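J.: Following this message is one structure expressed as structure tokens.
The values are calculated or read from the model by the stated rules, or taken from the named source; none is laboratory data. The structure presented is a predicted model; accordingly, all values stated were derived computationally and were not measured. For neighbour counting, all protein chains shown are included, and Cβ atoms are generated from backbone atoms with ideal geometry for every residue, glycine included.
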Amino acid sequence: MTNLTAFGLSDEQQMFRETIRRMAEEKIKPRAAEIDESGEFPWDIVELFREYGLMGVAMPEAYGGTGADLLTFCIAVEEVARACATSALIIAAQHLGAMPILIAGNEEQKRRYLPAIAQGERLSAFGLTESEAGSDAGGTKTRAVRNGDDYLLTGSKVFITNGGLAKTMVVFASTDPSKGTRGISAFIVELDQHGVSVGRIEKKMGIRGSQTAQLLFDNVRVSASNRLGQEGEGFKIAMRTLDRTRPGIAAQALGIAQGALDVAVDYLYQRQQFGQALSQFEGLQFMIADMQTQVEASRQLLYRAAGIIESAGFESHASEEVTRYSAMAKLMCSDTAMRVTTDAVQLLGGYGYISDYPVERMMRDAKITQIYEGTNQIQRLVIFRNMSHGSV
Ligand code: COS
């Protein structure tokens with residue numbers, strides 16, 4: 001029988017957590033402020049993750065990954081985010097870029113594209129969002145027009161994580177605009193080819209070491225053999241992808257929250273005011289108690305979501321439970337991250353507001369988790385739509 005330890009983890013998952021925590025503490029935490037300050041993508045961290053097998057942590061061994069489960073992936077993202085949210089996003093974004101291929105690719109497509117992503121030789125990206133198609137992802141205007149054995153892709157995608165760095169991207173484009181969401185198709189696109197260019201690179205509030213860019217497609221030739229599934233299946237592939245990747249954002253948010261809580265607790269024991277440590281003041285103790293409770297409740301919901309999604313597998317069709325839990329975990333963990341980091345800044349007072357301490361960075365980093373991979377308003381809509389009467 002599996003021996004479950006802290007948080008209901010197996011011995012193996014617990015050991016994995018300790019390994020990643022140590023790595024993050026020793027090798028990533030000392031880089032976090034610098035990555036934020038410079039806004040430069042940390043290629044050294046990609047190399048570190050390759051060493052630890054983290055670029056394809058939840059991808060099957062058959063395609064070059066380590067074959068771990070979704071909960072193990074979440075633990076990796078959480079532990080890294082506790083030290084540096086930008087670094088954690090590298091793992092989550094790689095998972096997002098690979099997921100449409102994992103869930104909808106044929107054997108040939110998986111063997112051709114996944115190993116380089118899983119091994120971290122190529123960064124990947126997910127091309128859904130457009131300037132007029134954000135929450136309304138079905139409003140995709142990028143067109144894919146059939147041309148013999150190929151398609152010609154024209155349009156643009158915005159807010160693309162790893163934009164300008166990734167070499168492989170799944171692009172969602174309309175093959176039949178008259179059919180709305182049922183006219184969207186998904187294509188694996190190699191980005192180092194004629195017709196692809198990088199537009200604006202965004203200046204962001206947080207996750208500043210991650211590169212977010214606009215990508216432009218001008219009659220980009222993509223072989224029909226690079227289409228994922230059938231024409232018109234793209235929107236559902238995108239939704240099923242997000243069902244499986246939102247827990248990664250939840251894990252990132254949870255790690256940020258835990259990191260901020262750690263700093264706040266340490267500070268409370270060290271800082272003296274009115275002749276005693278701040279930890280002696282009941283009002284501040286109550287704040288910490290609330291933060292701890294929110295973090296732990298979020299963790300339990302995320303771990304449960306990871307278990308449910310893992311049992312559904314990559315290829316399962318729409319499942320209300322999977323969709324609902326994924327959205328609930330993302331909603332709760334990111335709202336917790338925002339609350340906890342804001343309170344951590346408050347607890348550190350003036351020191352919380354300056355960059356000598358990491359909590360102001362954590363508060364800036366937390367904000368994006370309420371926005372990307374679907375705003376929390378969209379998560380609430382998704383949760384409600386996927387509740388059967390009496391669902392528990
Ligand atoms: N799994 C499988 N199929 C799904 C699904 C899911 N999770 N969610 C929706 N679908 C299917 C629906 O069943 C429907 O199928 P039919 O055409 O056969 O009826 C189709 O997809 C369209 O669904 P729906 O009518 O719900 O689409 P909407 O246009 O109302 O949009 C939301 C649904 C708002 C949920 C969707 O656009 C969304 O998730 N938006 C946020 C996008 C996002 O997260 N962007 C971030 C990008 S990554 S940074």
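J.: Just to check your reading of the model, which residue among Gly163, Gly206, Gly232, Gly195 is more than 30 Å from Ser87 (Cβ to Cβ) and either within 16 Å of the ligand (Cβ to nearest atom) or acidic (Asp, Glu) (or both)?
T.: None of the others qualify; the one that does is Gly232.
J.: Of these, Arg31, Arg82, which one is in contact with an Asp or Glu (Cβ under 8 Å, 6 or more places away or on another chain) and surrounded by 24 or more Cβ atoms within 10 Å (Cβ to Cβ)?
T.: Exactly one residue qualifies, and that residue is Arg82.
J.: Could you list all residues from the range 131-156 that are more than 10 Å from the ligand (Cβ to nearest atom) and assigned to a strand (DSSP E or B)?
T.: Listed by number, the residues that qualify are Arg143, Ala144, Val145, Arg146, Asn147, Asp150, Tyr151, Leu152, Leu153, Thr154, Gly155, Ser156.
J.: Residue check, Gly374 against (1) part of a helix (DSSP H, G or I); (2) surrounded by 14 or more Cβ atoms within 10 Å (Cβ to Cβ); (3) within 16 Å of the ligand (Cβ to nearest atom), all met but one. Which one?
T.: Unmet for Gly374, out of (1) part of a helix (DSSP H, G or I); (2) surrounded by 14 or more Cβ atoms within 10 Å (Cβ to Cβ); (3) within 16 Å of the ligand (Cβ to nearest atom): (1).
J.: Still on this model: With respect to Phe187, determine if the residue is away from the ligand (no atom under 14 Å from the Cβ) and under 25 Å from Glu108 (Cα atoms).
T.: Yes; evaluated as a whole, the condition is true for this residue.
J.: Right, here's the next one. Suppose we filter Ser197, Ser225 for residues that are modelled with pLDDT of 95 or more and in contact with a helix residue (DSSP H, G or I) (Cβ under 8 Å, 6 or more places away or on another chain); which single one remains?
T.: Ser225
J.: Using beta carbons and a limit of 7 Å, which pairs, at least six apart or on different chains, have the first residue in the range 232-244 and closer than 24 Å to Tyr303 by Cα and not assigned by TED's automatic domain parsing to the domain that holds Pro100 and the second one more than 6 Å from the ligand (Cβ to nearest atom) and among the aromatic types (Phe, Trp, Tyr)?
T.: Ala238/Phe172
J.: Just one of (1) among the small types (Gly, Ala, Ser); (2) surrounded by fewer than 19 Cβ atoms within 10 Å (Cβ to Cβ); (3) over 28 Å from Met287 (Cβ atoms) trips up Ser326, so point out which.
T.: Only one criterion is unmet by Ser326, namely (2).
J.: Just the residues that are hydroxyl-bearing (Ser, Thr, Tyr) and either buried (at least 17 other Cβ atoms within 10 Å of the Cβ) or under 30 Å from Arg361 (Cβ atoms) (or both), please, taken from the range 183-209.
T.: Once the filter is applied, which keeps residues that are hydroxyl-bearing (Ser, Thr, Tyr) and either buried (at least 17 other Cβ atoms within 10 Å of the Cβ) or under 30 Å from Arg361 (Cβ atoms) (or both), the range 183-209 yields only Ser185.
J.: Being within 13 Å of the ligand (Cβ to nearest atom) and either of a type in the set (Asp, Glu) or surrounded by 23 or more Cβ atoms within 10 Å (Cβ to Cβ) (or both) narrows it down to one residue among Thr212, Thr241; which is it?
T.: Thr241
J.: If you don't mind, another one. Kindly indicate the residue of the range 168-182 that is in a helix (DSSP H, G or I) and either of a type in the set (Gly, Ala, Ser) or within 12 Å of the ligand (Cβ to nearest atom) (or both) and also surrounded by the most Cβ atoms within 10 Å (Cβ to Cβ) among those meeting that condition.
T.: Thr181
J.: Just to check your reading of the model, which residue among Ala337, Ala312, Ala306, Ala344 is within 16 Å of the ligand (Cβ to nearest atom) and in contact with a helix residue (DSSP H, G or I) (Cβ under 6 Å, 6 or more places away or on another chain)?
T.: Result: Ala312 is the single residue among Ala337, Ala312, Ala306, Ala344 that is within 16 Å of the ligand (Cβ to nearest atom) and in contact with a helix residue (DSSP H, G or I) (Cβ under 6 Å, 6 or more places away or on another chain).
J.: Here's another thing I want to ask about it. Check Glu108, Glu40, Glu47 and return the single one that is modelled with pLDDT of 95 or more, in a loop (DSSP other than H, G, I, E, B) and exposed (fewer than 15 other Cβ atoms within 10 Å of the Cβ).
T.: On inspection, the qualifying residue turns out to be Glu40.
J.: Sticking with this structure for a sec: In the range 50-75, how many are over 18 Å from the mean Cα position of the chain (by Cα) and part of a loop (DSSP other than H, G, I, E, B)?
T.: Count: 5.
J.: Consider only pairs whose beta carbons are under 8 Å apart and that are at least six residues apart or on different chains; among these, list those whose first residue lies in the range 320-345 and is at negative phi and without any contact (Cβ under 8 Å) to a residue 60 or more places away in the chain and whose second residue is basic (Lys, Arg) and away from the ligand (no atom under 16 Å from the Cβ).
T.: Note: pairs meeting the criteria are Tyr325/Arg304.
J.: Now for a different question. Only one residue in Val198, Val220 is without any contact (Cβ under 8 Å) to a residue 40 or more places away in the chain and in contact with a strand residue (DSSP E or B) (Cβ under 9 Å, 6 or more places away or on another chain), so which one is that?
T.: Val198
J.: While we're here: Given the criteria assigned to a loop (DSSP other than H, G, I, E, B) and either small (Gly, Ala, Ser) or closer than 20 Å to Lys204 by Cβ (or both), does Ser334 qualify?
T.: No.
J.: Let me ask something else about it. Given the condition among the polar types (S, T, N, Q), assigned to a helix (DSSP H, G or I) and within 24 Å of Leu102 (Cα to Cα), answer yes or no: does some residue in the range 299-316 qualify?
T.: Within the range 299-316, one or more residues are among the polar types (S, T, N, Q), assigned to a helix (DSSP H, G or I) and within 24 Å of Leu102 (Cα to Cα).
J.: For Ser225, all conditions in the list (1) in contact with an Asp or Glu (Cβ under 8 Å, 6 or more places away or on another chain); (2) more than 15 Å from the ligand (Cβ to nearest atom); (3) part of a strand (DSSP E or B) hold save one; what is the number of the exception?
T.: Evaluating Ser225 over (1) in contact with an Asp or Glu (Cβ under 8 Å, 6 or more places away or on another chain); (2) more than 15 Å from the ligand (Cβ to nearest atom); (3) part of a strand (DSSP E or B) leaves (3) as the failure.
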